[in-house]
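The values are calculated or read from the model by the stated rules, or taken from the named source; none is laboratory data. Given the structure is predicted, the values throughout are model-derived calculations rather than measurements. Positions of Cβ are generated from backbone atoms using ideal geometry, with glycine treated the same way; all protein chains shown enter the neighbour counts.
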Amino acid sequence: MYEGVVQDLIDELGRLPGVGPKSAQRIAFYILQTESYDPTRLAEVLTTVRDKVRFCEICGNVSEQPTCSICRDPRRDQSLICVVEEAKDVVAIERTREFRGLYHVLGGAISPIQGIGPDQLRIRQLMTRLSDATVREIIIATNPNVEGEATAAYLSRMLQAMELRVTRLASGLPVGGDLEYADEVTLGRAFEGRRLVG
């Protein structure tokens, strides 16, 4: 559509997840038209991230050191592990300030359609972490979709043999949502997860 490097820039931006062709074009023209914008800073940060950021050796979270700040924090509850799909899920849970345990990032969810089985996830590393009997509870916090549910079911079966408390995050109606717009699965979960009032 455009010539040379402009199209190359749009194409590269469009390869990023969540950035469609229109968004890529909009970002590219922002970079081109905004004189005060310095693209060298973006290039430096991208290069630095690629060089310095790794995944925590213990939990799989992003870190600039061999272990992440959460795993290094002695104030965290060592007997509690929350299992999530991606590192961005750790950030979402940390924002709530409700969880004070440790995490385990699987690196995705079981998805036969995409060719992702249990062996492609960090399940073996989780089982290794559980071998020293320090952990008393595992909270499965995978996404409430088909892949997340399959992953949760698989983990539940694996962990059943161990003497651990295995829990799953509750799911149901969002705050501010209307019943008429809720799908059957969400509404069903809301009924299953109901609790006593008062």
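Scanning region 166-198 for residues being outside any helix (DSSP H, G or I) and either loosely packed, with under 13 Cβ neighbours inside 10 Å or modelled with pLDDT under 85 (or both) gives a total of 17. Just one of the numbered conditions (1) under 18 Å from G108 (Cβ atoms); (2) modelled with pLDDT of 90 or more; (3) loosely packed, with under 15 Cβ neighbours inside 10 Å is not true of E137: (1). Kindly indicate whether any position in region 84-96 is in the same structural domain as M158 (by TED's automatic domain parsing), within 21 Å of R157 (Cβ to Cβ) and either in a helix (DSSP H, G or I) or not basic (K, R) (or both). Checking region 84-96: at least one residue is in the same structural domain as M158 (by TED's automatic domain parsing), within 21 Å of R157 (Cβ to Cβ) and either in a helix (DSSP H, G or I) or not basic (K, R) (or both).
Only one of the listed residues (L187, L173, L164) is in contact with a helix residue (DSSP H, G or I) (Cβ under 8 Å, 6 or more places away or on another chain) and in the same structural domain as E86 (by TED's automatic domain parsing). That residue is L164. Counting only residues that are over 27 Å from A153 (Cβ atoms), surrounded by 14 or more Cβ atoms within 10 Å (Cβ to Cβ) and touching a helix residue (DSSP H, G or I) at 6+ places or on another chain (Cβ under 8 Å), region 63-83 holds 2 of them. Any residue that is outside the structural domain of V105 (by TED's automatic domain parsing), in a loop (DSSP other than H, G, I, E, B), within 30 Å of E147 (Cα to Cα) and not aliphatic (A, V, I, L, M) - is there at least one of those in region 18-32? Yes, because at least one residue in region 18-32 is outside the structural domain of V105 (by TED's automatic domain parsing), in a loop (DSSP other than H, G, I, E, B), within 30 Å of E147 (Cα to Cα) and not aliphatic (A, V, I, L, M). Among residues of region 106-129 that are assigned by TED's automatic domain parsing to the domain that holds N143, none has a Cβ under 9 angstrom from a residue that is aromatic (F, W, Y) and in a loop (DSSP other than H, G, I, E, B) at a sequence gap of 6+ or on a separate chain.
Taking the condition without any contact (Cβ under 8 Å) to a residue 24 or more places away in the chain, surrounded by fewer than 11 Cβ atoms within 10 Å (Cβ to Cβ) and more than 30 Å from E137 (Cβ to Cβ), does A43 pass? Walk me through how you get there before you give the answer.
Details: without any contact (Cβ under 8 Å) to a residue 24 or more places away in the chain: yes; surrounded by fewer than 11 Cβ atoms within 10 Å (Cβ to Cβ): yes; more than 30 Å from E137 (Cβ to Cβ): yes.
Criteria met by A43.
Residues in region 121-173 that are polar (S, T, N, Q), under 20 Å from the mean Cα position of the chain (by Cα) and over 21 Å from D183 (Cβ atoms): Q125, S156, T167.
Against the numbered list (1) of a type in the set (D, E, K, R); (2) closer than 29 Å to G107 by Cα; (3) assigned to a helix (DSSP H, G or I), D8 comes up short only at (2).
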